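Accompanying notes for the structure given below.
The values are calculated or read from the model by the stated rules, or taken from the named source; none is laboratory data. No experiment lies behind these values; they were computed from the predicted model shown. Glycine gets a Cβ as well: all are built from the backbone with ideal geometry, and neighbour counts include every protein chain shown. What goes into the accessible areas is simple: the full protein's heavy atoms, side chains included, and nothing from ligands, DNA or RNA. Shrake-Rupley method; radii C 1.70, N 1.55, O 1.52, S 1.80 Å.
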Amino acid sequence: DVSRSMLAEDLVPNRLERAKLAIEDCVERLQGDRVALVAFAGTAAVKCPLTLDYGFFKLMLDDISTESISRGGTMIGDAIRRVMSDVFDDQARQYRDIILITDGEDHDSFPVEAAQKAGEKGVRIIAIGLGDENEGKRIPITDEKGQKTFLKYQGQEVWTKLDADTLREIVKAT
């Protein structure tokens with residue numbers, strides 16, 4: 001998830017950077033497993049196709065930011081559908097997993113339905129939820145003058161929190 005809500009600082013330094021560090025740690029332990037990288041916010045894009053080239057994967061991961069996807073919002077369902085259509089092939093294989101790293105906030109992209117379809121094709125979704133489920137945090141941004149401020153929508157500061165319920169439903173669907 002590269003939406004702006006991933007800039008919230010309820011994890012240090014922020015949700016997105018913490019996710020990237022965790023992904024890098026996991027990839028360093030892999031031996032012989034193919035990996036791919038799909039970034040998503042308002043749309044989803046394959047940033048690295050399935051590969052055994054962990055060095056290339058890490059280069060693509062290092063380049064990931066909230067600028068990686070131009071359209072704002074969070075469409076988890078679209079990201080799952082993109083993985084199914086553009087990353088995985090139709091050959092029956094064991095051990096096809098999607099590791100979904102997000103704060104779970106979704107803007108009506110029907111993620112549970114997308115997860116059910118993935119599950120029907122033998123794909124398991126492992127969800128890693130980032131953020132505070134109870135209190136939430138504001139989304140820091142830097143204005144034109146270089147001052148740190150917080151994202152506003154219709155004059156109100158935007159607060160973001162982990163939507164663990166949606167993530168649990170996604171996992172159960174697979």
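Residues in segment 157-174 carry Karplus couplings, in order, of 5, 8, 10, 10, 9, 5, 9, 5, 4, 4, 5, 4, 4, 4, 5, 4, 5, 9 Hz; the curve used is 6.51 cos²θ - 1.76 cosθ + 1.60 with θ = phi - 60°, and Gly or Pro positions show x. Considering the dipole of the chain built from charges on the beta carbon (Lys and Arg +1, Asp and Glu -1) around the Cα centre, which of 73, 60, 2 is farthest to its positive end? Selected residue: 60. Between segment 1-80 and segment 153-173, the alpha-carbon centres lie 18 Å apart. Put simply, the amide H of residue 101, placed in the peptide plane, has neighbours under 5 Å in 128, leaving out anything fewer than 5 places away on its chain. With each label modelled as a point 7 angstrom along the Cα→C-beta vector, the residue 51-residue 157 pair spans 4.1 nm.
Working ranking of peptides 122-129, 141-148 by packing, defined as the average number of other Cβ atoms within 10 Å per residue, highest first, is 122-129, 141-148. Using C-alpha pairs under 8 Å with a sequence gap of at least 6, the mean separation divided by the residue count of the chain gives a relative contact order of 23 percent.
Of all lysines in the structure, those lying under 21 Å Cα to Cα from residue 148, and not within fewer than 8 positions of it along the same chain, are 137, 161. On the chain, 47 percent of the accessible area sits on carbon and sulfur atoms, based on a 1.4 Å probe.
For residue 38, the residues whose modelled amide H falls within less than 5 Å of its own, excluding neighbours fewer than 5 places apart on the same chain, are 47.
Computing Rg and the Kirkwood Rh from the Cα coordinates of segment 112-152 gives a ratio, Rg/Rh, of 1.30. Across segment 44-57, coupling constants 3J(HN,Hα) worked out from phi with the 6.51/-1.76/1.60 Karplus curve, θ = phi - 60°, read 10, 9, 6, 9, 8, x, 3, 8, 9, 7, 5, x, 5, 4 Hz, and Gly and Pro carry x. The string of couplings for segment 115-124 from the Karplus curve (6.51, -1.76, 1.60, θ = phi - 60°) is 5, 4, 5, 4, x, 5, 9, x, 9, 9 Hz, one whole number per residue in order, with x for Gly and Pro. Normalising the average separation of contacting C-alpha pairs (under 8 angstrom, six or more residues apart) by the number of residues puts the relative contact order of segment 86-133 at 53 percent. Pair-distance distribution of the chain: all C-alpha pairs, bin width 10 Å, starting at 0; shares per bin in whole percent are 10, 38, 37, 13, 3, 0.
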